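*Asks:* One structure coming up, written as structure tokens, with questions to follow.
Here, each number is a calculation from the coordinates, and none is a lab measurement. Just so it is clear, the model here is predicted, and its values are computed rather than measured. For neighbour counting, all protein chains shown are included, and Cβ atoms are generated from backbone atoms with ideal geometry for every residue, glycine included.
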Amino acid sequence: MSNQPLAASAAIVRQVGGPFTIESITVAAPREHEVRVKMVGVGMCHTDLVVRDGFPVPLPIVLGHEGSGIVESVGSAVTTVKPGDHVVLSFNSCAACPSCDNTQPAYCYNFLANNFSGVRPGDGSTALSQNGTQIAGNFFGQSSFGSYAVAHERNAVVIDKDLPLEIMGPLGCGIQTGAGAVVLSLGLKAGQSLAIFGGGAVGLSGLLGARAIGAGTVIVVEPNEGRRKLALELGATHAIDPKAEADVLAKIKELSGGGVNHAFDTTGIPAVIGVAVETMLPNGMLGLVAVPPPDATLPANMMSMLIRGVGVKYITEGDADPKVFIPQMAAWFKAGKFPFDRLVTKFKFSEINEAAHSSEKGGAIKPVMVF
């Protein structure tokens, strides 16, 4: 086990909207509650692109927050992870606020500081440097767009060694967000119906979660033909093209026998959300996860909501506690009930800009860069 700095290669963003440039950096030894991980694979998430394109973080920075790898060394106070463990890295949390105390780390009161500040909360340091100059890191408590990453005991989740480690990273964010939103936050039950708006990585992960728990009718609304086809292959009962359907709401009611128990929007488009609110049967809940336009408001008819007693909830990270839900998803995957590998397109780490481009253009649903 090494307590020395290591040379690594990492994809650095140096300017807003700029490319990922692969450069040599130094990764420090893990501190007391940290772990250093040799990366095997890392997913490209929409959030990485949002941050690259201007969500405020210090630059230059190493992004990446769907990492998977092998623990190389651990800090002196680490007790739940050991060198050699296979881990999925997820979002970080403070372990000390009311939400964390209540096993709701996705609503950590210090979520922004722990995941978006680019530094360790407290002393403003990072584990990453280049020629003696600090590089912003600690993105989602990991900055896993690099051959080594320093994460935290709290957001490193041990998984079985017989799982395909190089593709497991997206369980830490995108897949967890979709499946968790449906299974944990909306609480979809076996036999219940669901409408999903948007068939990207998060929407299709919601579909996989619904299928894993034995949901009934699941309708996916998605303009991309290839993604509609995949949704049907993954167990959607119906897939609607909103560009070809004159009245999406009427079609959903027709296909579901009057409406769905719950709905899930991954688009962030107000007009779409307005339709989603109206699809639900009494006591339904609409889950929202997408980043909306800054000035967007909910276009919902309050009287209609009152009559049905329906609600709308914004969901962070699928309401998941990664230490609990990532092993759950991994167990479903092993049992053949959660084939999230169908969403993955592999790229070499050196092809990170191609992976980003493919994600933006709707080619790859979930790009995973393999080291």
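*Asks:* Only helices at least 15 Å long along their axis, Cα-based, and averaging -0.5 or more on Kyte-Doolittle count here, so list those DSSP H runs from the chain.
*Replies:* Correct list, ordered by number: 201-212, 322-334.
*Asks:* Another question, then. Quick check: residue separation of Ala335 and Ser24 times 0.36 nm, minus the Cα distance between them. What number comes out in nm?
*Replies:* 107.9 nm
*Asks:* In terms of modelled amide H atoms, which long-range or inter-chain residues lie less than 5 Å from the amide H of Ser73?
*Replies:* Amide H neighbours of Ser73: Arg36.
*Asks:* Multiply the residue separation of Ile307 and Asn131 by 0.36 nm, subtract the distance between their alpha-carbon atoms, and state the gained length in nm to one decimal.
*Replies:* Stretched fully, the Ile307-Asn131 segment lengthens by 57.0 nm.
*Asks:* Now, a different point. Quick one: order His86, His33 by neighbouring beta-carbon count within 10 Å, fewest to most.
*Replies:* Fewest to most other Cβ atoms nearby, the residues stand as His33, His86.
*Asks:* Provide the packing ranking of 129-137, 16-24, 263-271, i.e. peptides ordered by the mean count of other C-beta atoms within 10 Å per residue, highest first.
*Replies:* Answer by packing, highest mean first, reads 263-271, 129-137, 16-24.
*Asks:* How many angstrom separate the Cα center of the stretch 15-68 from the Cα center of the stretch 101-177?
*Replies:* 9 Å
*Asks:* Determine the relative contact order of the stretch 178-316: mean sequence separation of Cα pairs under 8 Å and six or more apart, normalised by residue count, in whole percent.
*Replies:* Relative contact order of the stretch 178-316: 22 percent.
*Asks:* Something else now. Straight-line reach from Lys229: which aspartates and glutamates fall under 13 Å, measuring Cα to Cα and dropping same-chain residues less than 8 apart?
*Replies:* Cα-Cα hits under 13 Å: Asp241.
*Asks:* So what is the relative contact order for the chain, in percent, with contacts set as C-alpha pairs under 8 Å and at least six apart?
*Replies:* The normalised contact order for the chain reaches 16 percent.
*Asks:* Amide H neighbours of Met285 under 5 Å, counting only residues 5+ apart in sequence or on other chains, H built in-plane at 1.01 Å?
*Replies:* Ala263, Gly311
*Asks:* Right, something else. With Cα extents along the principal axes in Å as the read-out, I listed (i) 87, 66, 38; (ii) 84, 48, 40; (iii) 63, 38, 36; which label goes with the value calculated from this structure?
*Replies:* (iii)
*Asks:* Further question on the same structure: Run the paramagnetic zone check for Ala7: 7 angstrom along Cα to Cβ, then residues of the stretch 134-148 with backbone nitrogen under 16 Å.
*Replies:* Taking a point 7 Å out along Cα→Cβ of Ala7, the residues of the stretch 134-148 whose backbone N falls under 16 Å are 147-148.
*Asks:* Sticking with this one: With θ set to phi - 60°, apply the Karplus curve 6.51 cos²θ - 1.76 cosθ + 1.60 along the stretch 337-351 and write out the HN-Hα couplings as whole Hz, x wherever there is a Gly or Pro.
*Replies:* Running phi through 6.51 cos²θ - 1.76 cosθ + 1.60 with θ = phi - 60° gives 9, 8, x, 5, 4, 5, 8, 8, 10, 8, 10, 6, 4, 5, 9 Hz.
*Asks:* If you don't mind, another one. Order by neighbour count: His46, His152, fewest other Cβ atoms within 10 Å first, most last.
*Replies:* His46, His152
*Asks:* With contacts defined as alpha carbon pairs under 8 Å and 6 or more residues apart, what's the relative contact order of the stretch 21-149 in percent?
*Replies:* This gives 32 percent for the stretch 21-149.
*Asks:* Based on the mean of other beta carbon atoms within 10 Å per residue, what is the order of 70-78, 274-282, 180-188, most packed first?
*Replies:* Result, highest mean Cβ count within 10 Å first: 180-188, 274-282, 70-78.
*Asks:* What ³J(HN,Hα) values, in whole Hz, does the Karplus curve 6.51 cos²θ - 1.76 cosθ + 1.60 give for the stretch 48-62 when θ = phi - 60°, with x put for Gly and Pro?
*Replies:* Rounded to whole hertz, the list is 4, 6, 4, 5, 3, 8, x, 4, x, 9, x, 10, x, 9, 9.
*Asks:* Take peptides 233-244, 314-325 and line them up by average Cβ neighbours within 10 Å, highest first, as a rough protection proxy.
*Replies:* Per-residue mean Cβ counts within 10 Å order the peptides as 314-325, 233-244.
*Asks:* Sorted from fewest to most neighbouring beta carbons within 10 Å, what does the list Cys45, Cys94, Cys108 look like?
*Replies:* Cys94, Cys108, Cys45
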